[in-house]
Amino acid sequence: MLIRLIPFHDELDRSYLGRLMRANGLRTATEIQILIAQWAGLANKSRREAPAIELLALAAGIKLNEFVLAHSTLPFRRSITSYRPEVKHGCTENKDTLFISGMRVARDEAYFCLSCAQTDIDEHGMTYWRRSHQLPGRMACEFHESPLRFVNEKLKFYQSPMDCIEESISVSQGLANVTMAHDGIKRFLGISSALMSNRSPISPKELQLGLRYRITMLGLRTHCSQSGAPLLSDHLTNSFPREWLLSVFPDSANKRHGEVMAKVDAMLQLSVSTTSAVPYLLVYSALFDSIEEGLSALKGATPAIPIKRTRNHRRKPDDNLLNDYVQTRGVHKLMQRQEFIDKLVISAYLDNVGLPDLIEDETGLNLSAVLSFFLNRKSLSESAKIGGLSIDAFEDIVRKIGCHIQPILKKIAANVVVECQSPQQPS
Ligand SMILES: [Zn+2]
């Protein structure tokens, strides 16, 4: 006979398994899985055919997909994936995923809130592990606004949090305060929580157009190749407190300013998603100003806005600016106009009016490539080659170019010719 229990609100799957195990007087997770399988008439099935999370859903009397959405971290871990994104979370068509990672945890430690636990004891006579506390980056209880406590042993999920108090460690008050106050972290946690109730994963392919638009609009680099634009990974690491960022994205520990970080900077080029959804969620939290905007872009509620090269889409640059651009041959850093605060602002403004940086240095010959493409009518790939640029890097430049570039390029080309000829002229 199986003693069944009703899962608590927001109870983690492993916590529910532990409570079932203890209520039935058993000592291991395997024993309770065998008992549930016998009770459900699935004793002859392998765990791959009847995964543990499916057994828990049966014991709870809840449909598998609803149980996964309410009690597993799978909807978070699988929130953005290139592996079978058409399969909804908790769908029996994908038992392999349920078997392999249905009950995997999203962070290395087991977290609980002492105030929540004490409230549970008062109200229910027992307490449990909350799924929302196991979200990467969560350092404080959002209800009690106090630091979470944690233990470094995932098997503790099978015990009551109250039995772990002595060996548990508290998140520092400082880190908890930072987490609760920092807008970027609040966006990350808000977006992550919302995706826990998404019934289907999001394919990285669906994100690419809108993400590229947003990255370009902010004047950041959309690829790993050399460019005058700041790296997306630099923007990301500058957007979050380092201690917190290390806890959710340990790869950032070795990140140096100006160094490419493929998981982030090649996000638009990768055909396969990163193993964790965290880099995507960090990028969205760093690029958008609110949880709603980030979610809207992630869920495609707002159609990705194609990059148009029309006169209406861009502000028309004034004549003085155009003249400066011609005189400096499109090199942004040489344009020292007083109304701009710093070089990044100049660069972002010029990109926005359709005048990209045409710098020629060891990283690439942007001007040569652009002249080749627009004036000499060579192909995109030929022009990229002439400029010593990757196709991605050159496409990035071409996308930024406004419709008024032709006469400007002709003037620049004329200046280039004049200057090249001048040493040969008699003095
Ligand atoms: Zn709490």
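The values are calculated or read from the model by the stated rules, or taken from the named source; none is laboratory data. It should be emphasised that the depicted structure is a prediction, and the values quoted were computed from it without experimental measurement. FYI the Cβ positions are ideal-geometry reconstructions off the backbone, even for glycines, and counts take in every protein chain you see.
May I ask you to list the residues in region 114-131 that are buried (at least 21 other Cβ atoms within 10 Å of the Cβ) and more than 10 Å from the ligand (Cβ to nearest atom)?
Result: Thr127, Tyr128, Trp129, Arg131.
Out of (1) within 22 Å of Tyr284 (Cα to Cα); (2) away from the ligand (no atom under 16 Å from the Cβ); (3) part of a loop (DSSP other than H, G, I, E, B), what's the single condition that is false for Gln226?
(1)
Search region 250-274 for residues that are at negative phi and pair each with any residue that is of a type in the set (D, E, K, R) and buried (at least 18 other Cβ atoms within 10 Å of the Cβ) when their beta-carbon atoms are under 6 Å apart and the residues are at least 6 apart or on different chains.
Close Cβ pairs satisfying both conditions: His257/Asp234; Met261/Lys255; Leu268/Arg212; Thr274/Lys263.
Examine region 104-125 for a residue that is of a type in the set (Phe, Trp, Tyr), assigned to a helix (DSSP H, G or I) and outside the structural domain of Val248 (by TED's automatic domain parsing), and state whether such a residue exists.
For region 104-125, residues of a type in the set (Phe, Trp, Tyr), assigned to a helix (DSSP H, G or I) and outside the structural domain of Val248 (by TED's automatic domain parsing): absent.
Would you pick out the residues in region 152-188 that are under 21 Å from the mean Cα position of the chain (by Cα), surrounded by 15 or more Cβ atoms within 10 Å (Cβ to Cβ) and farther than 25 Å from Arg84 by Cα?
Val178, Thr179, Met180, His182, Gly184, Ile185, Lys186, Arg187
Has region 53-61 got at least one residue that is touching a Leu at 6+ places or on another chain (Cβ under 9 Å), in the same structural domain as Leu155 (by TED's automatic domain parsing), among the aliphatic types (A, V, I, L, M) and within 16 Å of the ligand (Cβ to nearest atom)?
no
Going by the conditions given, is Asn352 modelled with pLDDT of 80 or more and within 25 Å of Val260 (Cβ to Cβ)?
Here the answer is no, as Asn352 does not meet what is asked.
Mind checking which pairs have a first residue in region 1-14 that is without any contact (Cβ under 8 Å) to a residue 24 or more places away in the chain and a second that is surrounded by 14 or more Cβ atoms within 10 Å (Cβ to Cβ), Cβ under 6 Å, 6 or more apart or different chains?
Matching pairs, first to second residue: Ile3/Ala23; Ile3/Asn24.
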